[in-house]
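The values are calculated or read from the model by the stated rules, or taken from the named source; none is laboratory data. A quick note: this is a predicted structure, and the numbers were derived from the prediction, not measured. Here the Cβ positions follow ideal geometry from the backbone for every residue, glycine too, while neighbour counts run over all protein chains shown. Surface areas here come from the heavy atoms of the whole protein model, side chains and all, with no ligands, DNA or RNA. Shrake-Rupley method; radii C 1.70, N 1.55, O 1.52, S 1.80 Å.
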Amino acid sequence: MKRTTHFAVAVVTVAIVGACTKDDTMVKTASGTDTTISASADSASARGHSMVRFVNVGNTGKDVALQVGDQTLFESVKLSSVTDYREVDANLAKFSARAAGAADTTALAQNDEVLADGNRYTVFLMAEDLSRNTVRVIQDEVIPDSGMARIRIVHAAPGGPELDVSVANAKDKLFSGVNFKSEAGYKDVMPTKVVLEVRAKDEAKVLLRLPAMELRRGTATTIVISGTSKLGFFAFTDVMMPPMAPKM
């Protein structure tokens, strides 16, 4: 079931999307100048695999490794960066984040998560506060409705209030009351260029204004709100790749 909302200025149509959609297209992910390509959901599912990537928003100030069971999935992930997707064959995944290259094997944070074949997941290491971290696993739904762009907000700013996110000069909120360590779900919007403003829930003061961002048709953009004394952000975008022509 979807609910559609109309509001003026930059974004015309918003739909809340809940159902998981499998696909047979590969996905390209762009973060800054880095670009990676991952398999289609259908092909991963056929192999009995899910796909996992890792985002480091912890408080360690150092690179972090992510393990699944005894396997190191990512060896050295910098702060405020996102990895490529990698395939995982465990349906009950025991994730642990550890300091990269450290002899001490003590985990910074751990989490066990049930993964479904063919689904995509982003694993976040988030700072609980100045001394503790947590591992949060969020399912990715990167295929927007036809002709639309998709966006979501992840609140990873420890100690921060619930957040409202709006398009500048728009009357209605795009996201309302996003809690720390959570995401408000994806919304599909008409492709456009937007300036987003972040406020504490139901407050008028703008805490963070993002630079103009183009939301292109067929893309899914994740915006991670981070920071302690002052809010910051980084973003990454997933895009469906054109189907490959069959081999002759």
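Evaluating residue 93 against the criteria (1) farther than 23 Å from residue 215 by Cβ; (2) of a type in the set (Gly, Ala, Ser); (3) in contact with a Pro (Cβ under 8 Å, 6 or more places away or on another chain) leaves one unmet condition, (3). Scanning the stretch 129-177 for residues that are of a type in the set (Asp, Glu), farther than 29 Å from residue 26 by Cβ, open to solvent by 20 Å² or more (accessible area, probe 1.4 Å) and at pLDDT 90 or above returns 162, 172. Selection of the stretch 114-128 for residues being open to solvent by 20 Å² or more (accessible area, probe 1.4 Å) and β-branched (Val, Ile, Thr) yields only 114.
Take the conditions part of a loop (DSSP other than H, G, I, E, B) and either among the basic types (Lys, Arg) or closer than 24 Å to residue 26 by Cβ (or both) and apply them to residue 199. Does it pass? Spell out the reasoning first.
Numbers: part of a loop (DSSP other than H, G, I, E, B): no; either among the basic types (Lys, Arg) or closer than 24 Å to residue 26 by Cβ (or both): yes.
No, not satisfied.
For residues in the stretch 219-231 being in contact (Cβ under 8 Å) with a residue 12 or more places away in the chain and open to solvent by 20 Å² or more (accessible area, probe 1.4 Å), which is nearest to residue 80 (Cα to Cα)?
Of the residues in the stretch 219-231, the ones in contact (Cβ under 8 Å) with a residue 12 or more places away in the chain are 219-228, 231.
Applying the additional criterion that residues be open to solvent by 20 Å² or more (accessible area, probe 1.4 Å) yields 227-228, 231.
Details: 227: 10, 228: 14, 231: 13 Å.
Filtering first and then ranking leaves 227.
For the subset of the stretch 29-85 comprising residues that are in a strand (DSSP E or B) and of a type in the set (D, E, K, R), which member is least open to solvent (accessible area, probe 1.4 Å)?
Step one: of the stretch 29-85, the residues in a strand (DSSP E or B) are 29-31, 34-38, 50-57, 64-68, 71-77, 82.
Imposing the further condition that a residue be of a type in the set (D, E, K, R) reduces the set to 34, 53, 75.
Values: 34: 104, 53: 1, 75: 140 Å².
That would be 53.
Say whether the condition of being touching a strand residue (DSSP E or B) at 6+ places or on another chain (Cβ under 8 Å) and free of Cβ contacts under 8 Å to residues at least 12 places away in the same chain is met by at least one residue in the stretch 202-212. Yes, because at least one residue in the stretch 202-212 is touching a strand residue (DSSP E or B) at 6+ places or on another chain (Cβ under 8 Å) and free of Cβ contacts under 8 Å to residues at least 12 places away in the same chain.
One line per residue, one yes/no per condition, for (1) among the charged types (D, E, K, R); (2) over 18 Å from the mean Cα position of the chain (by Cα):
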residue: 27; (1), (2): no, no
residue: 34; (1), (2): yes, no
residue: 37; (1), (2): no, no
residue: 44; (1), (2): no, yes
residue: 49; (1), (2): no, yes
residue: 58; (1), (2): no, no
residue: 61; (1), (2): no, yes
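Which one is nearest to residue 57 (Cα to Cα), of the residues in the stretch 202-236 that are of a type outside the set (A, V, I, L, M, F, W, C) and in a strand (DSSP E or B)? Full working, then the answer.
As a first pass, look at the stretch 202-236 and keep what is of a type outside the set (A, V, I, L, M, F, W, C): 202-203, 205, 209, 211, 214, 216-219, 221-222, 226-230, 232.
Adding the requirement that they be in a strand (DSSP E or B) leaves 209, 214, 219, 221-222, 226, 232.
On the way: 209: 20, 214: 24, 219: 23, 221: 17, 222: 14, 226: 7, 232: 11 Å.
Among residues in the stretch 202-236 that are of a type outside the set (A, V, I, L, M, F, W, C) and in a strand (DSSP E or B), the one nearest to residue 57 (Cα to Cα) is 226.
Taking the stretch 138-178 as the region of interest, how many residues are in contact (Cβ under 8 Å) with a residue 24 or more places away in the chain, outside any strand (DSSP E or B) and over 18 Å from residue 55 (Cα atoms)? Before you say what the answer is, go through the steps one by one.
First, the residues of the stretch 138-178 that are in contact (Cβ under 8 Å) with a residue 24 or more places away in the chain: 138-145, 147-172, 174, 176-178.
Now restrict to residues that are outside any strand (DSSP E or B): 141-145, 147-148, 156-162, 168-172, 174.
From what's left, over 18 Å from residue 55 (Cα atoms): 143-145, 147-148, 159-162, 168-172, 174.
Residues in the stretch 138-178 being in contact (Cβ under 8 Å) with a residue 24 or more places away in the chain, outside any strand (DSSP E or B) and over 18 Å from residue 55 (Cα atoms): 15 in total.
For the stretch 91-113, does any single residue satisfy the condition of being open to solvent by less than 50 Å² (accessible area, probe 1.4 Å) and under 30 Å from residue 189 (Cβ atoms)? Checking the stretch 91-113: not a single residue is open to solvent by less than 50 Å² (accessible area, probe 1.4 Å) and under 30 Å from residue 189 (Cβ atoms).
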